[in-house]
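Chemist: Below are the structure tokens for one structure; questions will follow.
Only the coordinates and a few stated rules stand behind these numbers; no lab work does. These figures come from a predicted structure and were not determined experimentally. Neighbour counts run over all protein chains shown; Cβ positions are idealised from the backbone, glycine included.
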Amino acid sequence: MAYPVAVTVEPALTGRNRLTTAFRLILAIPHIILVGGLGFSVAHRNPDTVSFGSEAGLLGAVAWVLAVVSWFTIVFTGHHILGIRQFTAFYLRWKVRALAYLMLLEDPYPPFGDAPYPASISIEDPPAPRNRLTVGFRLILVIPHAIILGLLVVVWWVTGIVAWVAILISAEYPRGLYDFGVGVLRWFMRVDAYLLLIVDEYPPFSLT
């Protein structure tokens, strides 16, 4: 069965914009401040705590506070407050666009807010009532994904630098590196949605 969180990225392998690629980290700063960058780790002192730091951005910080509120409402009532769910989905839509731009997967500058973009995320509504048990232990359940994603993100930064140089030289993103970057983005966003209590299905250990 398909996972209820799906990330779609329109391939952009050739004819890449060398100028915006060269200054991508600088150009992406406004979005990084608002929705964060690409980072995922488990705190070393307390392995039961997932650490995000500044990776969530300002809107992400609000989404995580609301996730705490949702944890209580779901555990005690089995229901997710609609307004919180809508805001979290908005944050995830913005973040997938910003990350696709930051990761050199797309060249168009991402919109501030909701607007069409060649990278998008779709989220299916979970069945009601919600799974209180998995929500209650969500931070513990996600630890295996946090560890693997931490490693994948390190590998992506290395391949991202290689791709950055390749684009500057040839205006092309090597296909293998591109597919890996898209896979990391998909995995990252599925786990992000799971941690933010948008879905109850356990994320697959997969880049596809």
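Chemist: Take the residues in region 150-179 that are touching a helix residue (DSSP H, G or I) at 6+ places or on another chain (Cβ under 6 Å) and in a helix (DSSP H, G or I); name whichever of them is farthest from L195 (Cα to Cα).
Modeler: Residue satisfying both the conditions and the ranking: L168.
Chemist: Let me ask another. Which of the residues that make up region 79-118 are aliphatic (A, V, I, L, M) and without any contact (Cβ under 8 Å) to a residue 40 or more places away in the chain?
Modeler: Here is the first cut: in region 79-118, the ones aliphatic (A, V, I, L, M) are 81-82, 84, 89, 92, 96, 98-100, 102-105, 115.
Answer for region 79-118, where residues must be aliphatic (A, V, I, L, M) and without any contact (Cβ under 8 Å) to a residue 40 or more places away in the chain: I81, L82, I84, A115.
Chemist: Taking the condition part of a loop (DSSP other than H, G, I, E, B), over 23 Å from A2 (Cα atoms) and not small (G, A, S), does L59 pass?
Modeler: So L59 fails the test.
Chemist: Next up: Please work out if Y202 is in a loop (DSSP other than H, G, I, E, B), closer than 30 Å to L82 by Cα and in contact with a Leu (Cβ under 8 Å, 6 or more places away or on another chain). Step through it out loud before you land on a result.
Modeler: Details: in a loop (DSSP other than H, G, I, E, B): yes; closer than 30 Å to L82 by Cα: yes; in contact with a Leu (Cβ under 8 Å, 6 or more places away or on another chain): yes.
Criteria met by Y202.
Chemist: W157 is checked against (1) surrounded by 15 or more Cβ atoms within 10 Å (Cβ to Cβ); (2) more than 20 Å from P203 (Cα to Cα); (3) among the hydrophobic types (A, V, I, L, M, F, W, C) and fails just one. What number does that condition carry?
Modeler: Result: W157 passes all but (1).
Chemist: Another question, if that's okay. Hey, does region 126-140 have a residue that's without any contact (Cβ under 8 Å) to a residue 40 or more places away in the chain and either surrounded by 20 or more Cβ atoms within 10 Å (Cβ to Cβ) or among the polar types (S, T, N, Q) (or both)?
Modeler: No, region 126-140 has no match at all.
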